[in-house]
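Have a look at the structure below, then the notes.
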Amino acid sequence: QVQLVESGGGLVQAGGSLRLSCAASGSTFSINVSGWYRQLPGMEREWVARISSGGTTNYADSVKGRFTISRDNAKNTVYLQMNSLKPEDTAVYYCYVVRGSVVYWGQGTQVTVSS
């Protein structure tokens, strides 16, 4: 089992920045991929970014060039640095990790960008 705890969400003005953190505990060895999704009310979750165990990163087109995903293996923590935020980035952000064939999810953290 892997437990994920997110932090760093909040309210920010358009053009501002936030950094989300996702701390993993439990059976953190052999995690293949870590990443982030986001979800607006009444909508399906939208994939945002991911980072592989080897450090390869991928981004959704909507956030490319503005968001950066990184990881600190010593702290078992994944970060999402979000710059140049837009009102359409407003959502609940969920981190996830893939360990073997199992996907684990965090509880979500709200990000609200005001115009």
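Looking at (1) outside any strand (DSSP E or B); (2) out of contact with any Ser or Thr (no Cβ under 8 Å at 6 or more places or on another chain), find the lone condition where L85 falls short.
(2)
Which number in (1) closer than 21 Å to S115 by Cα; (2) not in a loop (DSSP other than H, G, I, E, B) marks the one condition that K64 misses?
(2)
Just one of A60, A14, A24 is of a type in the set (A, V, I, L, M), open to solvent by less than 70 Å² (accessible area, probe 1.4 Å) and closer than 19 Å to V2 by Cα; which is it? Spell out the reasoning first.
Values: A60 fails: closer than 19 Å to V2 by Cα; A14 fails: closer than 19 Å to V2 by Cα.
None of the others qualify; the one that does is A24.
Kindly list, by first and then second residue, each pair from a residue in region 9-23 that is under 10 Å from L80 (Cα atoms) to a residue that is of a type in the set (F, W, Y), limited to pairs with Cβ atoms under 8 Å and residues at least 6 apart or on different chains.
Pairs that qualify, where the first residue is under 10 Å from L80 (Cα atoms) and the partner is of a type in the set (F, W, Y), are R19/Y79; L20/W36; L20/Y79; L20/Y93; S21/Y79; C22/W36; C22/Y79.
Out of (1) part of a strand (DSSP E or B); (2) touching an Asp or Glu at 6+ places or on another chain (Cβ under 8 Å), what's the single condition that is false for Q107?
Result: Q107 fails condition (1) only.
Here's a check for you: in region 63-102, which residue that is hydroxyl-bearing (S, T, Y) and touching a residue at least 60 places away in the same chain (Cβ under 8 Å) is surrounded by the fewest Cβ atoms within 10 Å (Cβ to Cβ)?
For region 63-102, the residue satisfying everything is S84.
State whether one or more residues within region 103-115 are in contact with a helix residue (DSSP H, G or I) (Cβ under 6 Å, 6 or more places away or on another chain), touching a residue at least 60 places away in the same chain (Cβ under 8 Å) and surrounded by 19 or more Cβ atoms within 10 Å (Cβ to Cβ).
yes
Taking region 65-91 as the region of interest, how many residues are of a type in the set (A, V, I, L, M), closer than 27 Å to F29 by Cα and out of contact with any Asp or Glu (no Cβ under 9 Å at 6 or more places or on another chain)?
Total meeting the criteria: 3.
The values are calculated or read from the model by the stated rules, or taken from the named source; none is laboratory data. As the structure is a computational prediction, the values presented were derived from the model and not from experiment. In this analysis, Cβ positions are derived from the backbone assuming ideal geometry, glycine residues included, and neighbour counts consider all displayed protein chains. All accessible areas refer to the heavy atoms of the entire protein, side chains included, with ligands and DNA or RNA removed. Shrake-Rupley method; radii C 1.70, N 1.55, O 1.52, S 1.80 Å.
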